[in-house]
1. Residues in segment 44-64: is at least one assigned by TED's automatic domain parsing to the domain that holds residue 120, surrounded by 22 or more Cβ atoms within 10 Å (Cβ to Cβ), closer than 25 Å to residue 146 by Cα and modelled with pLDDT under 90?
2. Out of 108, 6, report the one residue that is crowded, with 17+ Cβ neighbours inside 10 Å and in a strand (DSSP E or B).
3. Would you mind stating whether residue 87 is outside any loop (DSSP other than H, G, I, E, B), in contact with a strand residue (DSSP E or B) (Cβ under 6 Å, 6 or more places away or on another chain) and modelled with pLDDT under 90?
4. Under 7 Å between Cβ atoms, which residue pairs at least 6 apart in sequence (or on different chains) link something in segment 158-171 that is in the same structural domain as residue 111 (by TED's automatic domain parsing) with a partner that is outside any strand (DSSP E or B) and surrounded by 11 or more Cβ atoms within 10 Å (Cβ to Cβ)?
5. Does residue 186 satisfy the criteria of being surrounded by 10 or more Cβ atoms within 10 Å (Cβ to Cβ), part of a loop (DSSP other than H, G, I, E, B) and modelled with pLDDT of 85 or more?
6. Is one or more of the residues making up segment 15-35 crowded, with 21+ Cβ neighbours inside 10 Å, assigned by TED's automatic domain parsing to the domain that holds residue 201 and within 17 Å of residue 4 (Cα to Cα)?
């Protein structure tokens, strides 16, 4: 069984952002201080658990980031680690990013038994890139996965479905976006594997870049200015019905003054 893990990484929040946040400086900052996000870690841990239970499982990873981030991922002794340049798609352009990554994956994405990816992959918790990758690869998509296991030679995934946890049998290639949970916290890598990863060289998968019709192209970044509150806060009192009527009246009044 071949497992593909997609890793995007995030900029380490312990380091302040550049004083002049433009697209190029933010990209360089993200490469310099890149770490695994909690959802990257959860996806990688699920792949490692599958290999623990079935030693014949082969794990490949595609890291959308720098050599430094790829070496961190290789420290868990994966079979193969590739790199992908996220600048070819742009995290602000989920459709272009997903199409470029799917093009770079090629047979890797279509032939893997399952592709595991963090639910916020490269889009700042928007959650739109994983389903877009699945669509570009023409594979099944499962969201908010908590666990993946093999039972009776079939691959099963447990995922959040509303207020319940649903179990699905994956009888075809699928892309599964993983959410963090106390049961899929990433283990620490062995020191000998971390040291061995420092000597590795990684090939870069070529994407197709961003075409003119693939969505939004980021040209500049401006600080967010919070809107001024036009109305004073109100406390709603009374029964739930009276509170609902008061809230409806307040919203109507606010729309009239907007």
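The values are calculated or read from the model by the stated rules, or taken from the named source; none is laboratory data. What you see is a predicted model; the values in this text were computed from it and never measured. In this analysis, Cβ positions are derived from the backbone assuming ideal geometry, glycine residues included, and neighbour counts consider all displayed protein chains.
1. yes
2. Numbers: 108 fails: in a strand (DSSP E or B).
Exactly one of 108, 6 is crowded, with 17+ Cβ neighbours inside 10 Å and in a strand (DSSP E or B), namely 6.
3. On the way: outside any loop (DSSP other than H, G, I, E, B): yes; in contact with a strand residue (DSSP E or B) (Cβ under 6 Å, 6 or more places away or on another chain): no; modelled with pLDDT under 90: yes.
Answer is no for this residue.
4. Final answer for the pair search is 160/179.
5. Values: surrounded by 10 or more Cβ atoms within 10 Å (Cβ to Cβ): yes; part of a loop (DSSP other than H, G, I, E, B): yes; modelled with pLDDT of 85 or more: yes.
Considered against the rule, which asks whether it is surrounded by 10 or more Cβ atoms within 10 Å (Cβ to Cβ), part of a loop (DSSP other than H, G, I, E, B) and modelled with pLDDT of 85 or more, residue 186 comes out as yes.
6. No, the conditions are met nowhere in segment 15-35.
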